[in-house]
1. Starting at 0 and stepping by 5 Å, how many percent of the alpha carbon pairs of the stretch 68-201 end up in each bin?
2. 7 Å from Cα along Cα→Cβ at both Ile264 and His162: what's the point-to-point distance in nm?
3. Sort the chain into rounded, prolate or oblate with this rule: let a ≥ b ≥ c be the square roots of the eigenvalues of the Cα gyration tensor; rounded if a/c is under 1.5, and if a/c is not under 1.5, prolate when a/b is larger than b/c, oblate otherwise.
4. Could you work out the local net charge near Glu51, counting Lys and Arg as +1, Asp and Glu as -1, over the other residues with Cβ closer than 14 Å to its Cβ?
5. Quick check: the angle from helix 177-193's long axis to the longest principal axis of the chain, C-alpha only, nearest 10 degrees?
6. I want the local charge near Ile264. Using Cβ-Cβ distances under 13 Å, sum +1 for each Lys or Arg and -1 for each Asp or Glu among the other residues.
7. Testing the spin-label approximation: label points 7 Å from Cα along Cα→Cβ at Glu149 and Phe53. State their distance in nm.
8. Mind pulling the angle between the C-alpha long axis of helix 104-113 and the longest principal axis of the chain? Nearest 10 degrees, somewhere in 0 to 90.
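Bear in mind these aren't lab numbers, they're just calculated from the coordinates by the rules spelled out. As the structure is a prediction and not an experimental result, all values here were calculated from the model. Backbone-built Cβ (ideal geometry, glycine too); neighbour counts: all protein chains shown.
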Amino acid sequence: MVKKSELLRVMGALILLMCSMPACSLVTSKPGDVANTVTVEERGVWLNRTEMFVPREKLLKLLDDLKEAHFTSVYVDVYFQGNVIYPDSRYLPEFPKVSEPDILTWLLPEIKKRGMRAEAWVEYGFYAFHTPDAGKTTDRGVFLNKYPELTAIADDGVTYLHNKEWGDFFSLCPANPKSHELLINVFTEILERYPFDGINLDRIRFPNEHFCYCNYCKGHFKSDTGLELKPYKEGMPEYRQWAEWRKEQLNRFMKSASAKFRSIRPGLTVSLSAIPPESIDSMGQGWDNWLKEGYIDAAMPMLYGDSNFNQRIMKLKTFPYWIEKIFPGLDAAGLKPEVILEQIKFAESQGAKGIVFWYSGKLEDDLPGLKSGPFAQPAVSPLGKK
Ligand SMILES: [Zn+2]
């Protein structure tokens, strides 16, 4: 027989041990109760606009499915292709194909009612305009029509980023303070108007290593470094200064943007759809530094596809706040459910305490495996308040 006092001592020790584990917090309803453990983990999904412009019942069913699979956060697509998803913005037009007026007024309460957090996912970031074929229209969207001098320019003079599958993307110059002001205005409006728990920034970057060669960038790079900016070439001698200079421009953006966002609502989370670690220099997005400086509360590096996944995770392990603030973004759109489960297993084996899925429209086949596997138990998000 084990004495009652001995049993209590062992239980006490066990509770203390569990409390000291980083993934667990202990919730007791009153002193002395045997506690339930609650997993603290981010389980997020990017809610793409394609899933938002469906009949309301269908969208609510998706939210029910997410709740049932113990998701903690939904990143709601609110800004894309030079539009916002809500009416009467002071800055940008409402997306013309919305299926219901002012969807956010009921969508956010529905997300929160299901115990999940809602973040405003500002999908397009510096990408101010999109068109399937730049040659067929002179429209460049509200911002670039008004301020053509803010258009980001490649080293060969082309003013957009061409994607074979998706068409042409026009970016604001990511270095110009006026571009910063325009974006911060829009994102502030979103946060002031709707009770999001956080903002998830995306495309806060240069389109690639060939941008930006606008007059602002050429002039300021020269006055800041004394160097003449030449077209990008692999191994160019001034590349290090160029990469650092570009990062510095976006550091400035992030510092003032997050200070502004946080001033709007206490407890607001500022997170980032981050580029994979190997692209930090080519896109000028020094998000490892943003974590270190506290400009962002969390980063979701988009580790899409299956190649180099494990190596990328090992690289991320060397970043500040790997466990607490870095939650890998997985490619549910492109990968089979069994591959996704393998990736989660590997990320968790290296300490990851969160995962975000790209994207809501491609999750259906993943949900059964999540529910019977890594998401079987409920979790609370480490991000902000619910
Ligand atoms: Zn520029």
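1. All Cα pairs considered, the percentages come to 2, 10, 19, 21, 17, 13, 10, 6, 3, 1, 0.
2. Between Ile264 and His162, the label points sit 3.7 nm apart.
3. Since a/c reaches 1.5 and a/b is larger than b/c, the shape of the chain is classed as prolate.
4. The answer is -2.
5. 40 degrees
6. Within the 13 Å Cβ shell, the charges total +1.
7. Computed distance between label sites Glu149 and Phe53 equals 3.5 nm.
8. So the inclination is approximately 20 degrees.
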